[in-house]
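Accompanying notes for the structure given below.
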Amino acid sequence: MTAPLAEPAGTSTGSPAPAPPHAPGTGFARLRSRLAAPVVVANLVGQIAIVGTGGAVRLTGSGLGCSTWPQCEPGEFTPQFHAAMSIHPLIEFGNRTLTVVLGIIGVLVALLVTTEVRRSRGYRALGLVPVLGVAAQAVIGGLVVLLHLHPGWVGLHMLVSMALVAASSWLLVRTREGDGPTAWLVPPAVRRAAGALGAVLVVVLALGVVVTGAGPHSGDDEVGYRLAVDPWTFSKLHAWAVWAFVAVLVAALVLLRRAGERGRPWRAGLVLLAVTLAQGAVGYVQLFTGLPVGLVNLHMIGAATLAATTVWFVGALRTRSAVGASSR
């Protein structure tokens with residue numbers, strides 16, 4: 001008799017080896033498939049919401065409601081309640097609390113996205129942006145407090161929030177599409193118009209930050225402005241930039257109509273136009289009604305919504321299959 005052949009390396013006649021913890025079909029993978037999209041949506045909503053709470057801090061002059069950072073008061077992480085306290089510490093502490101919640105969501109996004117080994121490296125890297133962005137914003141917010149609301153850091157704080165909103169919106173687009181080759185649904189002229197929209201949007205947001213910093217709601221009750229520029233001049237520049245944005249968007253819609261497009265790109269363009277016009281209307285109403293705090297805060301939330309919707313519109317101009325993962 002011949003001796004039995006040895007088992008090839010890595011094989012076994014017994015039970016199959018357990019799958020890696022993050023492999024497709026495991027409990028974690030099933031949980032990830034159910035939770036990834038809702039958590040990514042929650043992250044986008046939270047990034048927009050914190051613009052609103054941050055705006056409330058600025059508009060009510062609560063930027064120094066907590067006198068230090070990361071604690072609210074020396075030796076205390078929460079406001080000190082007493083009869084003479086104002087609402088400012090509560091508003092500032094509320095914004096900080098939402099930052100913690102958003103940080104937890106960011107950790108969940110990172111866990112769910114970066115472990116999806118079937119997706120591209122670029123998509124998985126994008127999953128780290130929310131948690132890293134929240135950490136960066138916490139540091140910037142601390143510097144804002146420690147530097148007594150320096151206008152440069154206050155403006156940077158707002159612009160980074162807008163960048164995080166845009167990145168979170170793009171993460172949602174990428175979560176819903178695959179990693180296969182890009183198939184554009186629109187003519188090249190529309191794609192160029194979409195690129196121009198992004199460039200003009202950056203100008204719109206930057207000028208909006210300057211206008212707020214130059215006006216009566218700059219964040220400090222004792223200082224009428226934080227940026228020593230003419231608010232009326234920059235308001236007009238900001239308005240012209242918004243009208244330029246509208247013009248480019250209308251041109252893109254005309255091009256879509258001429259191409260016979262009535263699907264997702266057309267619908268996304270109409271939604272973006274509605275958001276833009278609503279945001280412009282709020283801007284003009286707040287300007288000619290004396291800049292009431294409620295409308296100014298609504299305008300800030302609208303700016304974040306505009307950034308998210310613009311990114312969504314750009315994503316709607318293409319499609320990618322769910323197979324063929326790439327490094328992009």
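Each value in this text was obtained by applying a stated rule to the coordinates, not by laboratory testing. None of the values given here were measured: they were computed from a predicted structure. Cβ: placed from backbone, ideal geometry, glycine included. Neighbour counts: every protein chain shown.
On a 0 to 90 degree scale, rounded to 10, what angle separates helix 88-114 from the longest Cα axis of the chain?
20
How many nm separate the modelled label positions at residue 259 and residue 115, each set 7 Å beyond the Cα in the direction of the Cβ?
Placing both labels 7 Å along Cα→Cβ, they lie 4.0 nm apart.
If you build a Gaussian network model of the chain, linking Cα atoms that sit under 10 Å apart, which residue out of 311, 134, 254 swings the most?
Largest GNM mean-square fluctuation: 254.
In degrees between 0 and 90, to the nearest 10, how far off the longest principal axis of the chain does helix 151-176 point, with axes built from Cα atoms?
Result, in degrees: 30.
Counting pairs of alpha carbon atoms under 8 Å apart in space and at least six apart in sequence, what relative contact order in percent does the chain give? Show your work: numbers first, answer last.
Details: 417 pairs, mean separation 75.6, N = 328.
Rounded, it is 23 percent for the chain.
Can you compute the modelled spin-label distance between residue 150 and residue 202, with each label point 7 Å from Cα toward Cβ, in nm?
Modelled inter-label distance: 2.4 nm.
For residue 285 and residue 319, what does the FRET efficiency come to when R0 = 30 Å and r is the distance between their Cβ atoms, rounded to the nearest 0.05?
So, using R0 = 30 Å, E works out to roughly 0.20.
What is the spin-label model distance, in nm, from residue 251 to residue 78 if the labels are put 7 Å beyond Cα along the C-beta direction?
Here the answer is 5.6 nm between the modelled labels.
Pulled fully out, how much extra length does the chain show between residue 240 and residue 45, if you take 0.36 nm times their separation in residues and subtract their Cα-Cα distance? It would help to have the intermediate numbers written out before the result.
Numbers: separation 195, 0.36 × 195 = 70.20 nm, distance 2.86 nm.
Between residue 240 and residue 45, full extension yields an extra 67.3 nm.
Which value in deg cm²/dmol, rounded to the nearest 500, describes the helix-derived mean residue ellipticity at 222 nm for the chain, given -39,500 (n - 2.57) per DSSP H run of n ≥ 4 and division by the residue count?
Working: 9 runs with 213 residues, N = 328.
Taking each H run of at least 4 residues, the total per residue is -23000 deg cm²/dmol.
Cut-off is 10 Å between beta-carbons; in what order do 123, 284 appear when sorted fewest neighbours first?
Starting with the residue having the fewest Cβ neighbours, the order is 284, 123.
Give me 99, 319 sorted ascending by neighbouring Cβ count inside 10 Å, so fewest comes first.
So the ranking, lowest neighbour count to highest, is 319, 99.
In debye, nearest 20: dipole of the chain around its Cα centre with unit charges on the Cβ of K, R (+) and D, E (-)?
1620
Using 1/(1 + (r/R0)^6) with R0 = 22 angstrom and r between the beta carbons of residue 270 and residue 189, what's the FRET efficiency to the nearest 0.05?
According to the calculation, E is roughly 0.75.
Putting +1 on Lys and Arg Cβ atoms and -1 on Asp and Glu Cβ atoms, find which of 303, 61, 90 reaches farthest to the positive end of the dipole of the chain.
303
Rounding to the nearest 20 debye, state how big the charge dipole of segment 72-181 is about its Cα centre with +1 on each Lys and Arg Cβ and -1 on each Asp and Glu Cβ.
500
Which residue fluctuates most in the GNM of the chain (Cα springs below 10 Å): 81, 28, 93?
Residue with maximal mean-square fluctuation among 81, 28, 93: 81.
Kindly express, to the nearest 10 degrees and within the range 0 to 90, the angle between helix 231-258's C-alpha long axis and the longest C-alpha principal axis of the chain.
Helix 231-258 and the main axis of the chain meet at about 40 degrees.
For a footprinting-style exposure proxy, rank 296, 51 by other Cβ within 10 Å, fewest first.
Going from least to most buried by this count: 296, 51.
Considering the dipole of segment 28-320 built from charges on the beta carbon (Lys and Arg +1, Asp and Glu -1) around the Cα centre, which of 195, 162, 227 is farthest to its positive end?
Value: 195.
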